[in-house]
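The values are calculated or read from the model by the stated rules, or taken from the named source; none is laboratory data. Since this is a predicted model, take the numbers as computed values, not measurements. FYI the Cβ positions are ideal-geometry reconstructions off the backbone, even for glycines, and counts take in every protein chain you see.
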Amino acid sequence: MIDFTEIIGHEDIIKHFKKSIELGQVSQTYIINGENGSGKKTLTRALAKTLQCEEGGTEPCNHCKSCLQSETGNQPDVVWITHDKPNFISVDEIREQLINDIDIKPYSSRYKIYVINDAHLMRPEAQNALLKTIEEPPAYAIIILLTENMEKLLPTIVSRCIVLNIKPVRENDIMEYLETVLHLDNERARFCMDFAQGNLGKAIRLASSEDYREIKEDVVRVMRKLNDMAVDDVIFAIKNMNHNKLKVGDYIDLMMMWYRDILMLKVTGNPGRLMFKEYVGDIKKQSSHISYEGIENVIKAMDKAKIRLEANVNFDIAMELMLLTMKENK
Ligand SMILES: [Zn+2]
């Protein structure tokens, strides 16, 4: 079910929504900002379902016609904007599906809700076209923009919306979900939790990956041989880590976990809490060579590489800069 009660974490945003519904002060324009997998769509579905429920409460009733339609994704007055090209949303798409549609009253519900997922993909023309509608939407309309990159939205759009920032989900809540819902053993659950850094969707992505073991081994292979391999060969190896569902940024996160292990061992001397426990020998060896400053440099370089990749900097260049820092700080 797509209800607020089923959502893990995000208590502050849910509280905000419920209070607005209770007070009759639901905003007409929202931005929900948070990284991929962090729960934006789930929150939006729950909000839309609740707002359209015929009972009008702060939780959906789950038996009215609208609630049943929401469950199957067929609520006629909730429109998710679609786009043909994977990397942008055109002005025509915004015109056809939103601007030219919004004056048509809701078919059967109180509200007409438009959701623009990946709103940062809207071309500036599309955003400019949307601006006028956002300034004066019809009273029944609600527009929700979901984004992982708010900097790509025009300030004039942002200033007219209520911005809700997704916060990381607590580690305990993620662990509980992985262990009780996905039935992961403790060790695997802990690994996925550490990888996710508060992003439940990301934890699930790794947890549900069939080649979980291979993913881990792939990363370890690179980390072990890093110093003996040429940068080009490492880039080639990373390019070939082509596991289902995982992205390049995910591999960088996994490498970062390796360095967090090195740091952990260096600080505590205790291998018990390591994520790559099976490889304690390699981690020990590397931790005896690298300085604290070196670890910090590498982790910073990894963060930078992720930012560069998100900004569409050439893959090889972004990786090369990161790997050179890793090699310099061995
Ligand atoms: Zn209902």
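Yes/no per residue for (1) surrounded by fewer than 13 Cβ atoms within 10 Å (Cβ to Cβ); (2) touching a Lys or Arg at 6+ places or on another chain (Cβ under 9 Å); (3) farther than 16 Å from Leu323 by Cα:
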position: Val231; (1), (2), (3): no, yes, no
position: Leu246; (1), (2), (3): no, yes, yes
position: Ile252; (1), (2), (3): no, yes, no
position: Val267; (1), (2), (3): yes, no, yes
position: Tyr279; (1), (2), (3): no, yes, yes
Taking the stretch 53-65 on its own, how many of its residues are within 10 Å of the ligand (Cβ to nearest atom) and under 16 Å from Phe4 (Cβ atoms)? 8
Residues located in the stretch 223-259, provided they are basic (Lys, Arg), at pLDDT below 85 and not in a loop (DSSP other than H, G, I, E, B): Lys225, Lys239
Output the residue which, of all residues in the stretch 305-321 that are under 13 Å from Asn149 (Cβ atoms) and without any contact (Cβ under 8 Å) to a residue 40 or more places away in the chain, is surrounded by the fewest Cβ atoms within 10 Å (Cβ to Cβ). Asn312
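Given the structure, is Ile174 surrounded by 15 or more Cβ atoms within 10 Å (Cβ to Cβ), in contact with a Lys or Arg (Cβ under 8 Å, 6 or more places away or on another chain), in contact (Cβ under 8 Å) with a residue 60 or more places away in the chain and farther than 17 Å from Phe276 by Cβ?
No.
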Determine which single condition Ile113 fails, assuming it passes every other condition in (1) modelled with pLDDT of 95 or more; (2) within 20 Å of the chain's Cα centre (by Cα). (2)
Within the group Leu200, Leu146, Leu182, which residue is touching a Ser or Thr at 6+ places or on another chain (Cβ under 9 Å) and free of Cβ contacts under 8 Å to residues at least 40 places away in the same chain? Leu182
Contacts under 6 angstrom Cβ, first residue in the stretch 49-62 being under 14 Å from Val78 (Cα atoms), partner modelled with pLDDT under 95 and more than 6 Å from the ligand (Cβ to nearest atom), 6 or more apart: Lys49/Ile2
Are any of the residues in the stretch 89-102 away from the ligand (no atom under 16 Å from the Cβ) and either of a type in the set (Gly, Ala, Ser) or touching a residue at least 60 places away in the same chain (Cβ under 8 Å) (or both)? yes
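Conditions tested, residue by residue: (1) within 16 Å of the ligand (Cβ to nearest atom); (2) in contact with an Asp or Glu (Cβ under 8 Å, 6 or more places away or on another chain); (3) modelled with pLDDT under 95.
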residue	(1), (2), (3)
Lys19	no, no, no
Thr29	no, no, no
Asn36	no, yes, yes
Ala46	yes, yes, no
Leu51	yes, no, no
Gln69	yes, no, no
Lys85	no, no, yes
When Ile14 is run through (1) part of a helix (DSSP H, G or I); (2) within 15 Å of the ligand (Cβ to nearest atom); (3) under 23 Å from the mean Cα position of the chain (by Cα), the failure sits at (2)
Would you mind finding the one in Ile262, Ile204 that is surrounded by 20 or more Cβ atoms within 10 Å (Cβ to Cβ) and either assigned to a helix (DSSP H, G or I) or of a type in the set (Lys, Arg) (or both)? Ile262
